[in-house]
1. Step through the residues of the range 292-309 one at a time and calculate ³J(HN,Hα) from phi using the Karplus curve (6.51 cos²θ - 1.76 cosθ + 1.60, θ = phi - 60°), rounding each to whole Hz and writing x for Gly and Pro.
2. Calculate what fraction, in whole %, of the accessible area of the range 284-386 sits on carbon and sulfur atoms when a 1.4 Å probe is rolled over the protein chains.
3. Binning at 10 angstrom from zero up to the longest distance, how are the C-alpha pair distances of the range 258-345 distributed in percent?
4. Considering the options Gln74, Gln85, Gly38, tell which one lies farthest towards the positive end of the dipole of the range 3-117, charges being +1 on Lys and Arg and -1 on Asp and Glu at the Cβ, about the Cα centre.
5. Tell me the relative contact order for the range 268-332 as a rounded percent, counting alpha carbon contacts under 8 Å between residues six or more apart.
6. For a test of the definition: using alpha carbon positions, the gyration tensor, and the 1.5 limit on a/c, classify the range 28-171 as rounded, prolate or oblate.
Amino acid sequence: MARPDRQPWRLGPRGVRWFDLGLTAFLLLPVPAFLLFGNPLHGLLMLVQIAPLAVRRRWPVPVFAVVALGSAVQAPLVDIPLWSQVAFPIATYSVARFGSAWWSAAAMATGLLGAGIASVVWLRGYDGTQLTFQNVSAYFLTIALVVVVAWALGTLNRVRQSYVDALVERGQRLEHEAAQQAALAAIEERQRIAREMHDVVAHGLTTIVVQADGARAVAATDPSVVVPTLATIADTGREAMAEMRRMLGLLRADGAATAPQPRLADLAGLVADAKGAGTPVVADLPDPVPTVSDGVALTVYRVVQESLTNVRKHAGPGASAGVRLRIDDGTVVVEVDDDGRGAAARDDGGGLGLTGMRERVGAHQGDLTAGPLPGGGYRVCARIPL
């Protein structure tokens, strides 16, 4: 049995050249005998018709033209077929195989015309043969059949090669597109990881910095506040480290131990953490918590997390925040606002929080608006379709 992965045997470029040279040399074997011992005119005509076949693949149309011209010259000079007549169907095949469709049709038409002329000329060469319709048509059909078969084989191979080339080109194009898709996926994954890392690090470090500054400010006047503040700092640091380990574990190896992604039910814990960090937060969360997809739940959680982080960083001391979540006509609406500095808040221009939130919400075909409120304060509102 043949192996299923075995490729068909084909000649390489060097093998093809040697094949054409060998074929031409074989067809030229009788020519020296005609030139030296027979009719030199016959030998010369045979040489003109056979020799060009050596380059039939590179220049199929010129080769066919030379062979056809030699055959046309033969008609008035020689009234019998020569050994070199086999060159005509080979040249016809070459044009149909390696030339264009137009030249292929022209070669076949020339061959059919030549078959008619050769039928009349060669029948005249036989003594006693009458040029009747039956005799000429029988001779013509035989010669024309050889021409048509050669043309059909060449055309079939040309079409087949065009089909193979189209498949190869399509495969290369698909491979190129797959490489582009992989590159785009890698870029998207890096952006996602950057957003996750920013959310985790910014939220955790902001809480730690705020708690540390508050503890340092009251350490001299109220030392009893230091111990619970340090405990909050430690808990926040552990939580941030746990999330970072989870993400790095996903990147490092398959099957690593992972914690579940935050869900809408975890918003209450996020609000409690913000209160524990010293930011008054009023939460309006639906009870029971609505069921949404994991991606939407994670996006809502990160929007609230980043917004509360920005309240602690930019709203100023004593600012309070409000968190509201609702389902409105098949859309999850989450709002986080504060009564802090608003437009007067200082922005160093280096933050990526709002950009990350917009990218997250946009990935779910949602929209996010963020800006200062009239009279002070700031609001972030995200709408995500279910």
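The values are calculated or read from the model by the stated rules, or taken from the named source; none is laboratory data. On a predicted model such as this, the values are computed, not experimentally measured, just so you know. Please note: Cβ atoms are built from the backbone with ideal geometry, for glycine as well, and neighbour counts cover all protein chains shown. Side chains are part of the model used for accessible areas, which takes the heavy atoms of the whole protein and leaves out ligands, DNA and RNA. Shrake-Rupley method; radii C 1.70, N 1.55, O 1.52, S 1.80 Å.
1. Karplus-based 3J(HN,Hα) across the range 292-309 equals 10, 5, 4, x, 5, 4, 5, 5, 4, 4, 5, 5, 5, 4, 5, 5, 5, 5 Hz.
2. Reported share for carbon and sulfur atoms: 49 percent.
3. Going out from 0 Å in 10 Å bins, the range 258-345 shows 17, 49, 27, 7, 0 percent.
4. Gln85
5. Relative contact order, the range 268-332: 49 percent.
6. oblate
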